[in-house]
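A.B. asks: Quick one: structure below, then a few questions.
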Amino acid sequence: MLFNSLDFAVFLPIIFILYWFIFNKNIKLQNLLIVCASYLFYGWWDWKFLSLIFFSTLIDYFIGRKLFTEEKTTNRKILLWSSIVINLGFLGFFKYYNFFVENFITAFTFFGCNINANSLNIILPVGISFYTFQTLSYSIDVYKKKLEPTKDFIAFAAFVSFFPQLVAGPIERATNLLPQFYKKRTFNYSNAIDGLRQILWGLFKKVVIADNCADYANLIFNNYTDYSGSVLVLGAVFFAFQIYGDFSGYSDIAIGTARLFSFNLMQNFAFPYFSRDIAEFWRRWHISLSTWFRDYLYIPLGGSKGGTFNKIKNTFIIFIVSGFWHGANWTFIVWGALNAIYFLPLLLLNKNRQNIDIVAYGKFIPSINDFFKIIITFSLTVFAWIFFRAENLSHALNYISGIINPTLFTYPSILPIKLISMMLFFVLIEWLQRTEKHALCFNGKTIPLIFRWSLYLVIAFLIASFFGKANSFIYFQF
Amino acid sequence: MKNFIIRIVFFILLYLIIGRLISLITPYHWGNPWYSTKIQYLEKFKSNNLPNTYFFGSSRVYRQIMPTVFDSTYFSLSKKHINSFNLGAPATFCPQVYYLYENFLSSSLSQNTKYVFIELMDIDLIEKNLMHQERVTYWINLSDIFFGYNALHNNPSISLATKTKYISNYSISYLENLLHMGHFGQQYLDNNYYNLDYLGEHKNGFFSLERDTATTKNETFKNQLIDRNKDLIADTSELKNRAINSTKDFSNKNLPLDVVHLERINKLINLSKEKGVSVVFILSPRNNSQNLINLYNAIPENNKIQLSNSKKYPELYMIENSFDIGHLNTKGSSIYSSLLATEFNKLLTDKEHH
């Protein structure tokens, strides 16, 4: 079920009413309702893959229980690795099987050895990368004794399948989300209202910004040979807005929806395009994944401790794995490597934490220095997005060579002024609200009611105006 | 919780009221891009020489009725001039066509209008691929939705499951219309919304499927058209079935029919009369359910033409005159338009004699 569909607009109020008016007396019943609603939400896409989520839930629940009682280190390690192998095994099979088979065939053919292996027609289960990482975090935290395993299977199943964030995150940690299923939830008016605002902004990002930018990004990327360098630059910028609007829009709707049920999910995006360097960008972009890799991969590898070689090695590993997580294609690996290259100088010069505050805090406009830093960081990001968007490496390289030629300085033949003006409106609101958790968060601010409500209505009308495409979210494929 | 619900309800009410106010103060907007383009073209470029005859309907009108052929055939038979324009649009079905026609009648364009041809169609299901698009929501008002419900209820040839699906799709579309979903957005952003290509080669609203195949820049659409043509050539059995079905009894006037639909048709005939317009319902080839034939039989003689019966019009079911299973090619369209003009001339002559 898509958040930007009428199905969800009907589903959400029904679950909300059942949750707060029918099952509100009993926390276990509320959790059971969440599990049923989540399975319905997921099954709406393809019920056959529900068995995969259920199996993953079952495995990690029992491994978690066993880890708690098992004292022997060897046995504990076996249990942990069982969880890792099973979970990553599913992910590997569904997501990476064909990639490895095809690349092995290519590699062997290159060395003059022909092998027979067939790629399979595999459907990638929606959200598998997200819930796999979520359940893995549980097993690892239990193994590290950071978390006591739950005895409550329903609560655990609700944690794994919690519908707002099941298919595209934020990837929650068991330490944050699971305990929320044990506690009695009470309806919090201001939290719920702010949740609705966040949903509204998320829908705006998706329906108005991302989907309209997608039309132009697709047109330009699919026909890049027909356009001048200046148009190709615009195409990459449109894609940058598309992916941000699409993914952060999903996260906003997910977090807002969870708040309606009195759950707090972690912030996943913190206005990343206002970053002044790549390190800051990665602290603000897809935070739940970045911190997951930091805690469960980078730090176990040694992090930035050790010599220069170790730092370089670990940085490349984390960025390349992060790229590969997005998809089984060399373009994602190059995208990850490119970000590692951007990040390394900051790390080696010990400047990766120089911009940890909010840019131009308390000011309306940034300093010239900050402004140029933002533009340079954004440009580097846009350049990397070309690899992310391209069908394959040669598509990306041809696209880039299409940019670097004299036509770069010609007037673009595609210049959708109306769309660009909406993008500027979007950037302006985000800029003004960059100190908040989301762009429509007005808690504690003295903004006249009429202004706020007018803004909500304008946004609601814009969403309604562009509603109808019901485009899927990009991150569903990851 | 009470405050929360009150606030949401208040917001929705405010949204609906403001939406209604916006609709009232902004110029009327046709949500169908083909129809919008054609109306805008007539208003802008043809206001001094408006046509006096129009064709309303789906792709069976848009792709099959050639105003140039119709006008010249009619002239050669009657020695009277006629100036026609094709207002058909793809996937524009009943009751949307009735809605368009009623709005057309109340517009200034109707002042010069003498004859209108409307394709006779069953109440159609909104296809899944069209759902949530502005073109299938903008026209659904309360009276049309009730007409749809009643007509479906009275249609003897549709199963209950299909009726449920129809009603659900129409209700969702009505809700979307009420909330202004999908309205204005594409018109605002998409520079190709008003696309003069829709008017066809002679700028008279007819656009053959062959020409569309040759000129479209949309590769997916082009491939779909090519496949539709290939499918017809590969298997002609369905076309033969349609030809056989078209010979069903046209004379039995006592078969059960959709009375609600008939009432609407009679209303349109009377409304047209008041405006000085003669309206003719066409039963077109390859679209002839029993329900439609029964309905056709009940329409007054002066307001109908049928070109559906394959015994009478075998050329309209020939493979060499076809583009795909449901549509004629350019050659077939020319024959069809000529036959339509001939039948129309007969109708007028009979009328005069009576």
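A.B. asks: From largest accessible area down, sort B:73, B:137, B:68; use a 1.4 Å probe on the protein chains.
C.D. replies: B:68, B:73, B:137
A.B. asks: Considering only C-alpha atoms, what is the centroid distance from the stretch B:73-107 to the stretch A:182-237, in Å?
C.D. replies: The stretch B:73-107 and the stretch A:182-237 have Cα centres spaced 42 Å from each other.
A.B. asks: Using a 7 Å offset from the Cα along the Cα-to-Cβ direction at both residue B:111 and residue A:16, what is the distance between the two label points in nm, to one decimal?
C.D. replies: Each label point is offset 7 Å from its Cα along the Cβ direction, giving 5.1 nm.
A.B. asks: Let me ask something else about it. Treating only the Cβ atoms of Lys and Arg (+1) and Asp and Glu (-1) as charged, compute the dipole magnitude of chain A about its Cα centre; round to the nearest 20 debye.
C.D. replies: Its charge dipole is roughly 1420 debye.
A.B. asks: Which lysines have a Cα less than 18 Å from the Cα of residue B:273, not counting those fewer than 8 places away in the same chain?
C.D. replies: Cross-link targets: B:114, B:304, B:351.
A.B. asks: Separate question: Counting Lys and Arg as +1 and Asp and Glu as -1, what is the net charge of the other residues whose Cβ lies under 13 Å from the Cβ of residue A:259?
C.D. replies: Working: positive: A:185, A:197, A:437; negative: A:194, A:252.
With Lys, Arg at +1 and Asp, Glu at -1, the net is +1.
A.B. asks: Would you be so kind as to identify which of B:52, B:99, B:177 lies farthest towards the positive end of the dipole of the stretch B:32-180, taking Lys and Arg as +1 and Asp and Glu as -1 on Cβ and the Cα centre as origin?
C.D. replies: Positive-end residue among those listed: B:52.
A.B. asks: Next up: Holding the Cα-Cα limit at 30 Å, pick out from B:203/B:311; B:222/B:331; A:48/B:217; B:222/B:346; B:79/B:203; A:25/A:95 the pairs that are longer than that. Show your work: numbers first, answer last.
C.D. replies: Values: B:203/B:311 34 Å; B:222/B:331 20 Å; A:48/B:217 38 Å; B:222/B:346 39 Å; B:79/B:203 24 Å; A:25/A:95 42 Å.
Correct reply: B:203/B:311; A:48/B:217; B:222/B:346; A:25/A:95.
A.B. asks: Let me ask you something else. Quick check of the Kirkwood formula: for chain A, what is the inverse mean of 1/r over all pairs of different Cα atoms, in Å?
C.D. replies: Working: mean 1/r = 0.0418 Å⁻¹.
Taking the inverse mean of 1/r over all distinct Cα pairs, chain A comes out at 23.9 Å.
A.B. asks: Here's a follow-up. Run the reach check for residue B:275 against aspartates and glutamates, Cα to Cα strictly under 16 Å, same-chain hits fewer than 8 apart removed. What comes back?
C.D. replies: B:102
A.B. asks: Another one. Less than 14 Å Cβ to Cβ from residue B:154, Lys/Arg counted +1 and Asp/Glu -1: what total charge do the surrounding residues give?
C.D. replies: Values: positive: B:163, B:264; negative: B:122, B:258, B:263.
Spelling it out: positives minus negatives among the neighbours equals -1.
A.B. asks: What is the magnitude of the charge dipole of the stretch A:178-224 about its Cα centre, with +1 placed on the Cβ of each Lys and Arg, -1 on the Cβ of each Asp and Glu, and no other charges, expressed in debye to the nearest 20?
C.D. replies: In debye, rounded to 20, the stretch A:178-224 gives about 440.
A.B. asks: Points 7 angstrom from Cα along the Cβ direction at residue B:274 and residue B:131: gap in nanometres?
C.D. replies: In this crude spin-label approximation the distance works out to 3.7 nm.
A.B. asks: Now for a different question. What do you get for trypsin sites (Lys or Arg not before Pro) in the stretch B:22-103 restricted to DSSP loop and a cutoff of at most 10 other Cβ within 10 Å of the site's Cβ?
C.D. replies: Numbers: sites: B:38, B:44, B:46, B:60, B:63, B:79, B:80; in loops: B:46, B:63, B:79, B:80.
When the trypsin sites (Lys or Arg not before Pro) of the stretch B:22-103 are filtered for loop state and at most 10 Cβ neighbours within 10 Å, B:79, B:80 remain.
A.B. asks: At R0 = 56 Å, how high is the FRET efficiency between residue A:409 and residue B:352 if r is their beta carbon distance? Nearest 0.05 is fine.
C.D. replies: Working: r = 72 Å, r/R0 = 1.28.
The pair residue A:409/residue B:352 has a calculated efficiency of 0.20.
A.B. asks: Here's another thing I want to ask about it. How tilted is helix B:259-274 with respect to the longest principal axis of chain B? Cα atoms for both, answer in degrees (0 to 90, nearest 10).
C.D. replies: Helix B:259-274 sits roughly 80 degrees off the main axis of chain B.
A.B. asks: Averaged over its residues, how many other protein chain Cβ atoms are within 10 Å of peptide A:457-464's Cβ atoms?
C.D. replies: Numbers: counts 5, 1, 0, 8, 9, 3, 3, 10.
Counting Cβ atoms of other protein chains within 10 Å of each residue's Cβ and averaging gives 5.
A.B. asks: I'd like the distance between the alpha-carbon centres of the stretch A:395-455 and the stretch B:1-65, rounded to an integer number of Å.
C.D. replies: Here the two parts' Cα centres lie 29 Å apart.
A.B. asks: Right, something else. Under 24 Å between alpha carbons, and skipping anything fewer than 8 positions from residue A:205 in its own chain: which lysines qualify?
C.D. replies: Within the straight-line limit of under 24 Å, residue A:205 reaches these lysines: A:418, A:437, A:445, A:469.
A.B. asks: If you take the charge dipole of chain A about its Cα centre, with +1 on Lys and Arg Cβ and -1 on Asp and Glu Cβ, which of A:213, A:37, A:106 is farthest toward its positive end?
C.D. replies: Sorting the options by dipole projection puts first A:37.
A.B. asks: State the answer as a single residue: which of B:289, A:344, A:180 lies farthest towards the positive end of the charge dipole of the protein assembly as shown, with beta carbon charges of +1 for Lys and Arg and -1 for Asp and Glu, about the Cα centre.
C.D. replies: Highest projection toward the positive end goes to A:180.
A.B. asks: Give me the inter-chain shielding for A:185-194: mean count of other chain Cβ atoms within 10 Å, whole number please. Show your work: numbers first, answer last.
C.D. replies: Numbers: counts 0, 0, 2, 1, 5, 1, 0, 5, 4, 0.
Shielding by partners across A:185-194 averages 2.
A.B. asks: Mind putting a number on the dipole of chain B about its Cα centre? Charges go on the C-beta only, +1 for Lys and Arg and -1 for Asp and Glu, and I need it in Debye to the nearest 20.
C.D. replies: On the way: 36 positive and 31 negative charges, 87 e Å.
Dipole magnitude for chain B comes out near 420 debye.
A.B. asks: Right, another one. Given only helices, namely DSSP H runs of n ≥ 4 each adding -39500 (n - 2.57), what is the per-residue ellipticity at 222 nm of the protein assembly as shown, to the nearest 500 deg cm²/dmol? Present the calculation step by step, with values, prior to reporting the outcome.
C.D. replies: Working: 34 runs with 477 residues, N = 832.
About -18500 deg cm²/dmol.
A.B. asks: In whole Å, what is the distance between the alpha-carbon centres of the stretch A:17-65 and the stretch A:330-368?
C.D. replies: One Cα centre to the other: 39 Å.
A.B. asks: Helix B:160-178 against the longest principal axis of chain B: what's the angle in degrees, Cα atoms only, rounded to the nearest 10?
C.D. replies: That works out to roughly 60 degrees.
A.B. asks: Which cross-chain or sequence-distant (5 or more) residues have an amide H under 5 Å from the amide H of residue B:124, H modelled 1.01 Å from N in plane?
C.D. replies: So residue B:124 has HN proximity to B:94.
A.B. asks: Work out the FRET efficiency for residue A:393 and residue B:215 from their Cβ-Cβ distance, taking R0 = 56 Å, and round it to the nearest 0.05. Please report the intermediate quantities before stating the final value.
C.D. replies: Working: r = 35 Å, r/R0 = 0.62.
In this case the efficiency is close to 0.95.
The values are calculated or read from the model by the stated rules, or taken from the named source; none is laboratory data. The model shown is predicted, which means the values in this text are computed figures rather than measured ones. Because the Cβ atoms are built from the backbone with ideal geometry, glycine has one as well, and the counts that use them run over all protein chains shown. When the accessible area is computed, the model is the full protein with side chains, heavy atoms only, and any ligands, DNA or RNA have been set aside. Shrake-Rupley method; radii C 1.70, N 1.55, O 1.52, S 1.80 Å.
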